[in-house]
Amino acid sequence: MDGVTAEVETALAQAFREEWGQVVATLIRITGDWDLAEECAQDAFALALRHWPRDGIPRRPGAWLTTAAHRRAIDRLRREAVGQAKLREVAAMVQPPRPGGGGDDSGVPDDRLRLMFTCCHPALALEAQVALTLRTLAGLTTAEIARALLVGEQTMSKRLTRAKQKIRYARIPYRVPPAHLLPERTPAVLSVLYLLFNEGYSATAGADLLRRELSSEAIRLARILAWLMPDEPEAVGLLSLMLLHDARRETRMNEAGDLVTLEEQDRARWDGAGIAEGTALLDGALRRGRPGQFQVQAAIAACHATATDAADTDWAQIAALYGRLASLAPSPVVELNRAVAVGMADGPAAGLEIVDALAASGALTGYHLLAASRADLLRRLGRRAEAADAYREALRLAATDTERRYLSRRLAETAANS
Amino acid sequence: MKYMLLICGDESAAAHADDGCGGWTEEMQERGILRGGAGLRPPTEATTVRVRGDQVLLSDGPFAETKEQVGGFCLIECADLDEAIEVTAKHPAAGYGTIEIRPLWTA
């Protein structure tokens, strides 16, 4: 590795995961400029890549990066010849107290969660709040966010730009909200945590399918949120959903790193304690009689997690729950999942009917799971040539190597039997 | 930072035309926030003007026939949008109509 030791790379990767959001948030507070904040944070990490191999890894990487980013901001503003008053203001703001310092009355006992609530300003559209938080605090790329929210990268890029423009021109402050204003921001924060968990659970790109740390961090934050908001059944529902998925983590891939489908997973290796905690949390949430999308999704996950074997799965119940989910949070992806469940409960022909209607609507064009689900239903109907075509299409669209290997295997099986 | 508050409502909002603002105006003047504003007579008394080429085109009524119409406006100056939202939420018209906060174009 030319000049960059593995140690520095590891330290930088860790600093990125742990400090990126904090560095950007601090720079936003100092400059009031979201784009500048992000650019300076990027500059600071680039600078670290040059300096740390030579000078050693600093004792407090976060403080080092924040200071470097702050200096960059002053340099950039000086070059752009902003007014002297603004420059003095930015230069004078030494490290502001970390939000853990108790300078606010949000009552949120975690830095990262507090920054998420700060980012999710209700004057922005819900999806913009979510996208902006994932970009600014979690450091996800625009492409990753676009994929997670099922829109094109260009569309997502435009939405992020528009949101930042509104922040600037309507002067939306970056301020930790007081406790009584948390509820209106909670749905966005729940969505952020859910997408972070998913990103870690089935990474949207690259060879690293299990970016485990994103998921465990999302679970940690969901736990705090559920504790903070015991009267918000959706917060508890989200935690339950994550725990139920996470309980199956170890069996999702075999030793060769290939994807193992739900029906082929070794249920004896599922984490019984996680499933027990998840179902108990879900029962408690449902008793409040205010169902929401995360509680319903957790109920679906619980159906899978508590079935003794694949054949024992209550697909009729799952199909009904997806119907419920479709009315609470309508989306073509939910409809696709409903089709798969209906295909299991009432036979592949019934499932295919829904999938074909979805394909005709064009809502999921380019989504590899649409093609993969269609392929699976066609295969079960014995229409092998069409199934093979659909597997090929899915293969072309899939984002991770693991998924591609799984689809290749299925394609080979289908082709071999035809 | 200056914002325009566009106070909108449907026909039923007209019933509140003579209500006054229940101390809101005085409070915001005292806080140094209110810079101007007025209530508007109903859209049936509006005239819309467009100039196309060298022709002045007039029409009777508001520029868009929608259920909600602008019934008044205020110009305010606040530290940021959070303060503007707090000020707007206190306006009595927010209780029966809709208020749109629009930042002013600044140089």
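The values are calculated or read from the model by the stated rules, or taken from the named source; none is laboratory data. It should be emphasised that the depicted structure is a prediction, and the values quoted were computed from it without experimental measurement. Because the Cβ atoms are built from the backbone with ideal geometry, glycine has one as well, and the counts that use them run over all protein chains shown.
Spot the failing condition for A:Gly343; the list is (1) under 19 Å from A:His304 (Cβ atoms); (2) under 27 Å from the mean Cα position of the chain (by Cα); (3) at pLDDT 95 or above, and only one is missed.
(2)
Can you tell me how many residues within region B:48-80 are within 14 Å of chain A (Cβ to nearest Cβ), assigned to a strand (DSSP E or B) and among the charged types (D, E, K, R)?
Residues flagged as within 14 Å of chain A (Cβ to nearest Cβ), assigned to a strand (DSSP E or B) and among the charged types (D, E, K, R) within region B:48-80 amount to 1.
May I ask you to verify whether B:Ala84 is loosely packed, with under 15 Cβ neighbours inside 10 Å and either in contact (Cβ under 8 Å) with a residue 12 or more places away in the chain or under 30 Å from A:Arg29 (Cα atoms) (or both)? Quick ask: steps written out before the conclusion?
Working: loosely packed, with under 15 Cβ neighbours inside 10 Å: no; either in contact (Cβ under 8 Å) with a residue 12 or more places away in the chain or under 30 Å from A:Arg29 (Cα atoms) (or both): yes.
No: the conditions fail for B:Ala84.
Among all residue pairs at least 6 apart or on different chains, which show Cβ distances below 6 Å where the first residue, located in region A:272-301, is under 19 Å from A:Leu193 (Cα atoms) and the second is polar (S, T, N, Q)?
These pairs meet every condition: A:Gly278/A:Ser240; A:Leu281/A:Ser240; A:Leu282/A:Ser240; A:Ala285/A:Gln295; A:Ala298/A:Ser240.
Each row is one residue, and each column tells you yes or no for (1) within 14 Å of chain B (Cβ to nearest Cβ); (2) surrounded by fewer than 19 Cβ atoms within 10 Å (Cβ to Cβ); (3) of a type in the set (S, T, N, Q); (4) over 13 Å from the mean Cα position of the chain (by Cα).
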site	(1), (2), (3), (4)
A:Arg168	yes, yes, no, yes
A:Ala179	no, yes, no, yes
A:Phe197	no, no, no, no
A:Gly200	no, no, no, no
A:Ser216	no, yes, yes, no
A:Glu232	no, no, no, yes
A:Val236	no, no, no, yes
A:Glu250	no, yes, no, yes
A:Ala256	no, yes, no, yes
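Among the residues of region B:81-101, is there at least one that is away from chain A (no Cβ under 14 Å), under 27 Å from A:Pro173 (Cα atoms) and in a loop (DSSP other than H, G, I, E, B)?
For region B:81-101, residues away from chain A (no Cβ under 14 Å), under 27 Å from A:Pro173 (Cα atoms) and in a loop (DSSP other than H, G, I, E, B): present.
Checking A:Leu241 against (1) out of contact with any strand residue (DSSP E or B) (no Cβ under 9 Å at 6 or more places or on another chain); (2) more than 19 Å from A:Gln297 (Cα to Cα): exactly one of these is not met. Which one?
That leaves (2) as the condition not met.
Of the numbered conditions (1) within 14 Å of chain B (Cβ to nearest Cβ); (2) among the small types (Gly, Ala, Ser); (3) buried (at least 20 other Cβ atoms within 10 Å of the Cβ), A:Ala123 fails exactly one; give the number of that condition.
Checking A:Ala123 against (1) within 14 Å of chain B (Cβ to nearest Cβ); (2) among the small types (Gly, Ala, Ser); (3) buried (at least 20 other Cβ atoms within 10 Å of the Cβ), the one that fails is (3).
Go through the residues of region A:104-122 one by one and say whether even a single one is part of a loop (DSSP other than H, G, I, E, B), at pLDDT below 90 and among the β-branched types (Val, Ile, Thr).
No, region A:104-122 contains no residue that is part of a loop (DSSP other than H, G, I, E, B), at pLDDT below 90 and among the β-branched types (Val, Ile, Thr).
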